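**Student:** This is the structure I want to talk about, given as structure tokens.
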Amino acid sequence: RFAVVGFTSGIVKILDAHTLSEIGASFKVTKDAISALTFSQDSQWLALADSSHTVALWRFANTDSNDTNTREFPPTSRHKEPPRDQSWIYIGRYRSHVKEITGLEFGSRGNDTITLVSTSADRTLLEYDLSISSVENGLCLQSPPCLLEETARPTACLWHPNLRGDFEDRIITCNTDLKLRQWNANNKQCRCTSLGPTYGGPIVKLSGLMQARNRDIGNVQYAPSDFLAYSTVSNVAGLIKLPLDGNPNKTIGIIAHPNRVSYLETSADGRFIFTCGSIDQVVNVWDVQTNVINTAEILGGTGCEPYINLLNGGKSGDFYGNLVDYFYYSQLRTLGENMTRSRCLSAHVPLAEIPNLMRALGFYPSEIEITRMISEIKYSRFRASGELQYEIAIEDFIRLYINHRPVDIARTDRDLIAPGFQDLVRLSAGLGKDSIDLSWQTFEKILCGHGEKFSASELQSCLRSLVGN
């Protein structure tokens with residue numbers, strides 16, 4: 001029934017969806033450009049984000065109702081009044097972030113409660129409590145900000161489609177490291193990290209595809225499908241098949257425009273994807289053919305085969321051989337290296353061996369990343385079986401490695417170590433050191449007092465490994 005337009009001047013206009021004529025007052029609650037507009041699934045809520053990192057909220061209400069929790073808000077009533085039975089109620093706004101807002105999405109929890117979340121380049125996720133947000137209270141937060149990343153920056157978010165009905169409420173976020181993360185909507189714990197599309201740059205827009213479930217004449221019902229549409233920071237748009245597990249054969253991308261895709265949206269029935277170009281000023285309509293991805297998934301192999309093919313040299317390469325050797329050695333370490341009797345090895349290693357295996361393969365995750373890896377495996381089957389996993393098989397470890405390692409792992413060493421030391425020199429200058437050199441005493445103080453701190457025993461163990469006794 002409505003089309004809502006946001007302008008660079010901060011004005012929001014309500015238009016008739018069929019005639020595009022203005023049917024109500026134009027709202028202006030900010031002086032900054034509107035960067036995002038989104039409706040809730042029931043069309044009762046409207047949220048916007050602007051370039052000053054604030055989020056504003058409206059509610060659609062009946063003017064004849066006795067709702068004392070809202071009031072009409074026409075800040076600049078320069079146009080005709082809305083119809084008597086229609087009213088947009090301004091709730092309030094909140095300066096949510098300190099950097100650009102990259103995602104603004106409504107979601108629906110299992111109990112049909114509508115909620116709103118936002119992500120930002122400041123690496124945080126915020127959830128807003130619509131149940132207590134009102135004209136008197138303003139826009140209220142559900143919980144404190146959740147830190148999503150350490151070095152990467154979030155670029156988009158989406159409420160995970162509930163496909164089975166018993167699936168826990170999750171939020172999907174994309175980042176500049178080309179990863180897709182799934183977060184539990186209640187405790188904001190990372191449930192899964194998977195490799196996203198590696199072409200076209202980071203994903204900046206995610207949208208769920210719908211599909212018809214009931215095709216009775218005059219009563220077509222739609223429900224979430226197994227596919228998501230995406231667009232990247234460049235000119236690529238495509239599809240991803242759920243569940244998100246990092247399988248490269250479950251994604252497809254095409255060059256949608258000669259230059260950057262400024263926006264992407266899907267039709268209500270899931271049959272079409274609309275992409276807007278930037279400089280070319282063109283809107284393309286794409287016909288969705290999901291059977292292409294289903295065929296590619298079958299041809300790409302089953303089980304761990306698609307992930308092994310992403311390793312350097314594949315299954316016949318030296319890297320895979322070294323990985324198998326390291327995994328076997330971890331099994332020996334678990335039972336004791338100095339045993340003389342026969343060992344009975346299982347096909348698993350304890351989760352505590354994951355950090356050692358990752359580092360042996362040249363990937364050095366932070367302590368937060370290690371915690372997330374172990375948590376992902378530990379709770380991977382909890383929803384289905386109610387049991388926690390304390391061991392990991394080699395196939396699951398390969399998937400974990402592919403999904404968590406940097407896409408361009410070859411750049412990790414030389415390109416990151418030198419700038420890292422420059423940061424340490426600048427930090428030492430903040431500690432009152434004028435020299436551009438980093439003395440051992442200052443370096444030790446930084447390692448034991450900043451960031452993910454070393455304990456004295458951990459530092460001695462590292463030094464012993466590097467330089468001996």
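**Student:** Return only the number of the condition from (1) open to solvent by 10 Å² or more (accessible area, probe 1.4 Å); (2) under 18 Å from the mean Cα position of the chain (by Cα); (3) of a type in the set (S, T, N, Q) that THR115 does not satisfy.
**Tutor:** Going through (1) open to solvent by 10 Å² or more (accessible area, probe 1.4 Å); (2) under 18 Å from the mean Cα position of the chain (by Cα); (3) of a type in the set (S, T, N, Q) one by one, THR115 breaks only (1).
**Student:** Follow-up. Which condition number does VAL283 fail, the rest of (1) under 23 Å from the mean Cα position of the chain (by Cα); (2) exposed (fewer than 14 other Cβ atoms within 10 Å of the Cβ) being met?
**Tutor:** Condition (1) is where VAL283 drops out.
**Student:** Go through the residues of segment 267-275 one by one and say whether even a single one is aromatic (Phe, Trp, Tyr), under 26 Å from ALA156 (Cβ atoms), open to solvent by 70 Å² or more (accessible area, probe 1.4 Å) and out of contact with any Lys or Arg (no Cβ under 6 Å at 6 or more places or on another chain). Walk me through how you get there before you give the answer.
**Tutor:** In the first step, residues of segment 267-275 are kept if they are aromatic (Phe, Trp, Tyr); the result is 272, 274.
If we keep only those that are under 26 Å from ALA156 (Cβ atoms) too, we end up with 272, 274.
Then keep just the ones that are open to solvent by 70 Å² or more (accessible area, probe 1.4 Å); that gives 274.
Subset that is out of contact with any Lys or Arg (no Cβ under 6 Å at 6 or more places or on another chain): 274.
Yes, there is a match, as at least one residue in segment 267-275 is aromatic (Phe, Trp, Tyr), under 26 Å from ALA156 (Cβ atoms), open to solvent by 70 Å² or more (accessible area, probe 1.4 Å) and out of contact with any Lys or Arg (no Cβ under 6 Å at 6 or more places or on another chain).
**Student:** Let me ask something additional. Name the residue, out of SER385, SER380, that is open to solvent by 50 Å² or more (accessible area, probe 1.4 Å), under 17 Å from TYR307 (Cβ atoms) and at pLDDT below 90.
**Tutor:** On the way: SER385 fails: under 17 Å from TYR307 (Cβ atoms).
It is SER380.
**Student:** So which strands (runs of 3 or more DSSP E) are wholly in segment 146-205 and hold at least 3 residues that are among the hydrophobic types (A, V, I, L, M, F, W, C) and surrounded by fewer than 17 Cβ atoms within 10 Å (Cβ to Cβ)? I'd like the intermediate steps shown before the answer.
**Tutor:** Values: elements: 154-159, 170-175, 179-184, 190-195.
Correct list: empty, since no element meets the threshold.
**Student:** Can you tell me which residue within segment 394-447, out of those that are modelled with pLDDT of 80 or more, β-branched (Val, Ile, Thr) and within 31 Å of the chain's Cα centre (by Cα), is most open to solvent (accessible area, probe 1.4 Å)?
**Tutor:** Going through the qualifying residues, I end up with VAL407.
**Student:** Follow-up question, since we're still on this one. Determine if segment 58-72 includes at least one residue that is open to solvent by less than 60 Å² (accessible area, probe 1.4 Å), of a type in the set (S, T, N, Q), over 13 Å from ILE89 (Cα atoms) and modelled with pLDDT under 95.
**Tutor:** no
Per-residue answers, yes or no, for (1) small (Gly, Ala, Ser); (2) within 32 Å of the chain's Cα centre (by Cα); (3) in a helix (DSSP H, G or I); (4) farther than 29 Å from LYS250 by Cα:
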position	(1), (2), (3), (4)
THR302	no, yes, no, no
PRO306	no, yes, yes, no
LEU311	no, yes, no, no
PHE327	no, yes, yes, no
THR334	no, no, yes, yes
ARG341	no, no, no, yes
LEU345	no, no, no, yes
LEU357	no, yes, yes, no
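**Student:** If you go through segment 286-344 one residue at a time, how many are open to solvent by less than 70 Å² (accessible area, probe 1.4 Å) and touching a Phe, Trp or Tyr at 6+ places or on another chain (Cβ under 6 Å)?
**Tutor:** Residues in segment 286-344 being open to solvent by less than 70 Å² (accessible area, probe 1.4 Å) and touching a Phe, Trp or Tyr at 6+ places or on another chain (Cβ under 6 Å): 3 in total.
**Student:** Within the set of pairs 6 or more residues apart or between chains, which connect a residue that is more than 27 Å from ARG260 (Cα to Cα) inside segment 174-203 to a residue that is among the β-branched types (Val, Ile, Thr) with Cβ atoms less than 6 Å apart?
**Tutor:** TRP183/ILE171; ALA185/ILE171
The values are calculated or read from the model by the stated rules, or taken from the named source; none is laboratory data. It should be emphasised that the depicted structure is a prediction, and the values quoted were computed from it without experimental measurement. No Cβ is skipped: glycine too gets one built from the backbone with ideal geometry, and neighbour counts run over all protein chains shown. Side chains included, ligands, DNA and RNA excluded: accessible areas come from the protein's heavy atoms. Shrake-Rupley method; radii C 1.70, N 1.55, O 1.52, S 1.80 Å.
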